[in-house]
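**Q** There's a structure below that I have some questions on.
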Ligand code: ASP
């Protein structure tokens, strides 16, 4: 049970001295590259990205896009793409973004009836003068770019929604059974970084709600000089703290990816009501070092590198 005393105790343990957090003589872990890091137990996605990067390091955006597509297209994944949970009116609306090592970014939000939102985000980045398209405009742009209309509800997600509607109480699951949003970061053997994020957002959210996942600097941020970061969990908390941008800036000031994620979780916990909410943060730096930290137990993440493919439990605050 959450109480103020235990909160303060944990908070002081989380307080990070800038000196402690600096890396002494960090070494470039070149042998670890390529490396792919994603939220949750997304082994298949990580493997897809890793294999593409092994064969062709410069195809980093293809690697990331194909990996995220595999989750978006899987009807068993209940919080991304096809099969994702609908909003409180029964419509599935998708948020996604992508960012490359040159600082280019593309994003879509409140996108309906299109399966692979991250691919539309990539088209926004590459084929439009804009960074973010929303709702009907995003859908029309997708259709103009060769995407087709697709019913994102599965019989399972529809039945679950109809059951939810009997009580209609908005109560997001803290850690989803299968997994939540996919945020995926990669570094290639040339030490270039890119990332993407894709979600159907919080289950049974209010129609029109957009979360952190398509917001550059909240759900995803990449700075090729420093590192990259992505987020999952209760998007409102991430948006209020611009967590991904913050983590990259903390790494720029010398923190390791791990310490930067921990510090970003600390900031969230200081600013907002975190009761019954989860946030999981990931970071990857230019050296190929990985960091993960969550508000509470239950967040895991997957790494693919020369050592193989592993899903690991994140450290956490509460
Ligand atoms: N961050 C996502 C959102 O708030 C949800 C999630 O990660 O499960 O839309």
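**Q** Hey, among 211, 195, which residue is in contact with a helix residue (DSSP H, G or I) (Cβ under 9 Å, 6 or more places away or on another chain), within 15 Å of the ligand (Cβ to nearest atom) and assigned to a strand (DSSP E or B)?
**A** 195
Matching residues to (1) within 13 Å of the ligand (Cβ to nearest atom); (2) in contact with a strand residue (DSSP E or B) (Cβ under 6 Å, 6 or more places away or on another chain):
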residue	(1), (2)
244	yes, yes
253	no, no
261	no, yes
269	no, no
272	no, no
276	no, no
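**Q** Here's another thing I want to ask about it. Which residue, of 244, 218, 229, is in a loop (DSSP other than H, G, I, E, B), in contact (Cβ under 8 Å) with a residue 12 or more places away in the chain and crowded, with 20+ Cβ neighbours inside 10 Å?
**A** 218
**Q** Right, another one. Is at least one residue of the range 70-83 in contact with a helix residue (DSSP H, G or I) (Cβ under 8 Å, 6 or more places away or on another chain), more than 18 Å from residue 156 (Cβ to Cβ) and away from the ligand (no atom under 13 Å from the Cβ)?
**A** The answer is yes; a qualifying residue exists.
**Q** Then there is this: Which ones in the range 168-181 are within 9 Å of the ligand (Cβ to nearest atom) and at pLDDT 80 or above?
**A** 181
**Q** If the requirement is being away from the ligand (no atom under 12 Å from the Cβ), surrounded by fewer than 20 Cβ atoms within 10 Å (Cβ to Cβ), touching a residue at least 12 places away in the same chain (Cβ under 8 Å) and in a strand (DSSP E or B), which of these qualifies: 302, 311?
**A** Every option except 311 fails the conditions.
**Q** So, one more: Specify the residue that is surrounded by the fewest Cβ atoms within 10 Å (Cβ to Cβ); the eligible residues are those in the range 85-107 that are more than 17 Å from residue 221 (Cβ to Cβ) and in contact with a strand residue (DSSP E or B) (Cβ under 7 Å, 6 or more places away or on another chain).
**A** 93
**Q** Any residue at all in the range 35-51 that is free of Cβ contacts under 8 Å to residues at least 60 places away in the same chain, buried (at least 20 other Cβ atoms within 10 Å of the Cβ) and either over 24 Å from residue 138 (Cβ atoms) or touching a helix residue (DSSP H, G or I) at 6+ places or on another chain (Cβ under 9 Å) (or both)?
**A** Within the range 35-51, one or more residues are free of Cβ contacts under 8 Å to residues at least 60 places away in the same chain, buried (at least 20 other Cβ atoms within 10 Å of the Cβ) and either over 24 Å from residue 138 (Cβ atoms) or touching a helix residue (DSSP H, G or I) at 6+ places or on another chain (Cβ under 9 Å) (or both).
The values are calculated or read from the model by the stated rules, or taken from the named source; none is laboratory data. The structure presented is a predicted model; accordingly, all values stated were derived computationally and were not measured. Because the Cβ atoms are built from the backbone with ideal geometry, glycine has one as well, and the counts that use them run over all protein chains shown.
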